[in-house]
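The structure appears right after this line, and notes come after that.
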Amino acid sequence: MKPIHARSSTILNAKKSLSAFMPRKSVPWDPIRQEGNPTRSDSVNMLIKQIKKAEVRKEGVASSARRPLEYMEFLSLLSTIRESNEKTETMRMVCSVFTLQWHLITRIDDMMKLRFDNLAPNIQHSGTLQCQMRWSKNISEERDAPEQILLGSMDPSI
């Protein structure tokens, strides 16, 4: 039997969500007395294992995972924005945000929180800037947010 409704990651997430609301979540499922946490039952875990095996064999629901943006796609995006009929401040801002996002290797939602006081001239190396991203989802301590150095690019397409 091939899985046709969901991938293992979707079922694992649902299992975890349901388990969080169980009153006795650490108690394993007892199939004879029909009590405990049903998300810890052997049948649920075996089902997830079977679905994972089917995923490896490319049987079942196709993955909808995102893939990284390729360099040529990024250049195409910038040229499309630059060739638009509207030569406004918004167009320049969008190009700047995308270019800075590319150089900082960050997510777009993190870029939207960037403020001018997060950018500073680099005293040690003239012609460069320092930037610190303090609010990314992976940052929980101050040491997780080092200063990044931004270098200018001689490539006019970027």
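A few remarks follow.
- Near S41, the amide H atoms lying under 5 Å from its own belong to W29; only residues 5 or more places off or on other chains count, and H is placed 1.01 Å from N.
- Listed by chain and number, the aspartates and glutamates whose C-alpha is less than 19 Å from the C-alpha of K25, apart from same-chain residues fewer than 8 away, are E35, D42.
- The chain: calculated mean residue ellipticity at 222 nm from DSSP helix runs of at least 4, using -39500 (n - 2.57): -12000 deg cm²/dmol
- For the chain, relative contact order (Cα pairs under 8 Å, six or more residues apart, normalised by length) works out to 16 percent.
No lab work stands behind these numbers, since they all come straight from the coordinates. Owing to the predicted nature of the structure, the values given are computational and were not obtained by experimental measurement.
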